[in-house]
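> Below is the structure I would like to discuss, written out as structure tokens.
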Amino acid sequence: MISWGQIGYGAALSALFAAVLIAAARDRSRAALATGALAAAVGPLAWNAILRATHAQQFFTDAPVIVLPISWQDTGSGVFTLAAASLGYGLGPLAAQPTRTTIRYALLAAVAALLVDIYLY
């Protein structure tokens, strides 16, 4: 079972990687950068807390593909991050921007969380 230490470590790495990706994509503001980083931490944290609380061991089985050993647990982290970032950006710093801009930043945060989850913990 995933430990709270691993969950916190993954959330911190996801936030850091999301901030790097968003900054590399010509971030508009510090608020947009912070929103993406926060969503990339909160999404995996919430998802992994649910898996831990329900003792969902089967979600941690990686696909038998060497270059992309994704699991349902990894996918959930990306999905929860996409939801959190979409809400955060849509209601926050990018509320007045076109939807295309909002979803682009939300996808960057979600991809960061997904990749960190697959490869780093």
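> Among the residues of the stretch 6-61, count how many are in contact (Cβ under 8 Å) with a residue 12 or more places away in the chain, of a type outside the set (S, T, N, Q) and closer than 16 Å to residue 115 by Cβ.
Summing the residues that are in contact (Cβ under 8 Å) with a residue 12 or more places away in the chain, of a type outside the set (S, T, N, Q) and closer than 16 Å to residue 115 by Cβ in the stretch 6-61 gives 22.
> Given 53, 109, 113, which one is out of contact with any Pro (no Cβ under 9 Å at 6 or more places or on another chain), crowded, with 17+ Cβ neighbours inside 10 Å, small (Gly, Ala, Ser) and assigned to a helix (DSSP H, G or I)? I'd like the intermediate steps shown before the answer.
Numbers: 53 fails: crowded, with 17+ Cβ neighbours inside 10 Å; 113 fails: out of contact with any Pro (no Cβ under 9 Å at 6 or more places or on another chain).
Unique residue meeting the criteria: 109.
> Further question on the same structure: Just need a number here: residues in the stretch 27-46 that are closer than 11 Å to residue 108 by Cβ and not in a helix (DSSP H, G or I).
Total satisfying the criteria: 1.
> Among 87, 68, which is the only one that is more than 10 Å from the chain's Cα centre (by Cα) and modelled with pLDDT under 95?
Of the residues listed, the single one that is more than 10 Å from the chain's Cα centre (by Cα) and modelled with pLDDT under 95 is 68.
> I want to confirm something. Restricting to the stretch 64-106 and keeping residues that are in contact with an Asp or Glu (Cβ under 6 Å, 6 or more places away or on another chain) and under 22 Å from residue 20 (Cβ atoms), which single residue is surrounded by the fewest Cβ atoms within 10 Å (Cβ to Cβ)?
Across the stretch 64-106, the extreme among qualifying residues is 74.
> Which one of these is in contact with a Gly (Cβ under 9 Å, 6 or more places away or on another chain) and more than 20 Å from residue 9 (Cα to Cα): 88, 78?
When all the criteria are applied, what remains is 88.
Quick grid of which residues meet (1) closer than 15 Å to residue 94 by Cβ; (2) among the aliphatic types (A, V, I, L, M); (3) modelled with pLDDT under 95:
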residue: 16; (1), (2), (3): no, yes, no
residue: 26; (1), (2), (3): yes, no, yes
residue: 36; (1), (2), (3): yes, no, no
residue: 45; (1), (2), (3): no, yes, no
residue: 48; (1), (2), (3): no, no, no
residue: 56; (1), (2), (3): no, yes, yes
residue: 59; (1), (2), (3): no, no, yes
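> What are the residues in the stretch 78-100 that are over 23 Å from residue 116 (Cα atoms) and in a helix (DSSP H, G or I), if any?
Listed by number, the residues that qualify are 90, 91, 99, 100.
> Can you tell me which of 69, 64 is touching a residue at least 40 places away in the same chain (Cβ under 8 Å) and not polar (S, T, N, Q)?
So the residue among 69, 64 that is touching a residue at least 40 places away in the same chain (Cβ under 8 Å) and not polar (S, T, N, Q) is 69.
The values are calculated or read from the model by the stated rules, or taken from the named source; none is laboratory data. Keep in mind that this is a model prediction, so the values were computed, not measured. Note: ideal-geometry Cβ built from the backbone for every residue, glycine included; neighbour counts use all protein chains shown.
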